[in-house]
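One structure is given below, encoded as structure tokens.
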Amino acid sequence: MTATTTTITPKWHTTAEVAAMLGFGLSKTKMLVLTGEIRSVKVGRNRRILPAWVDEYIERCAAEAEGIGAVRWSA
């Protein structure tokens, strides 16, 4: 008989999980959620963040960095 392993992929993340993924502190991540820089949904008393919303935030930060870098290094 062969054992099968099932991996459950989270459909959304807690604020603490997102903080760990981004390498940020929990308070900074909560501030990003509070200001709407990272989208979230409230489920009961808790905030949850879709993986796509984390990717969206990262892509926006990278795009801003590229825009700033292009201006800075174009001289």
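Quick query: amide H of residue 38 versus all other amide H atoms, modeled in the peptide plane; which residues come in under 5 Å with a sequence gap of 5 or more or a different chain?
When sequence neighbours closer than 5 places are left aside, the close amide H contacts are 33.
Using all alpha carbons of the chain, what is the percent of pairwise distances in each 10 Å bin, ordered from the shortest bin to the longest?
Computed distribution, short to long bins: 17, 40, 22, 14, 6, 1, 0.
Which value, in Å², gives the accessible area per residue of the chain when a 1.4 Å probe is used on the protein heavy atoms? Let's see the in-between values first.
Working: 5950 Å² over 75 residues.
With the other protein chains kept in place, the chain gives 79 Å² per residue.
Which of the helices in the chain, when you take each full DSSP H run, stretch at least 15 Å along the axis at their Cα atoms and have an average Kyte-Doolittle score of -1.0 or higher?
Membrane-span-like by this rule: 51-73.
Carbon and sulfur atoms: what percent of the 1.4 Å accessible area of region 2-49 do they account for?
Details: 2050 of 3690 Å².
Solvent-exposed carbon and sulfur of region 2-49 make up 55 percent of the total.
Name the most mobile residue of 36, 44, 23, meaning the one with the largest mean-square fluctuation, in a Gaussian network model of the chain with Cα contacts below 10 Å.
With Cα springs under 10 Å in the chain, the top fluctuation among 36, 44, 23 is at 44.
With charges set only on the Cβ (+1 for Lys and Arg, -1 for Asp and Glu), what does the dipole of the chain come to about its Cα centre, in debye to the nearest 20?
On the way: 10 positive and 7 negative charges, 91 e Å.
Taking the Cα centre of the chain as origin, the dipole is about 440 debye.
Within straight cross-link reach of residue 11, meaning Cα distance under 22 Å, which lysines are found once same-chain residues fewer than 8 apart are removed?
30, 42
The values are calculated or read from the model by the stated rules, or taken from the named source; none is laboratory data. Predicted model only: the values in this text are computed from it and were never measured. Quick reminder, even Gly has a Cβ in these numbers, built from the backbone with ideal geometry, and neighbours come from all protein chains shown. Heads up: the accessible areas ignore ligands, DNA and RNA and are worked out on the full protein's heavy atoms, side chains in. Shrake-Rupley method; radii C 1.70, N 1.55, O 1.52, S 1.80 Å.
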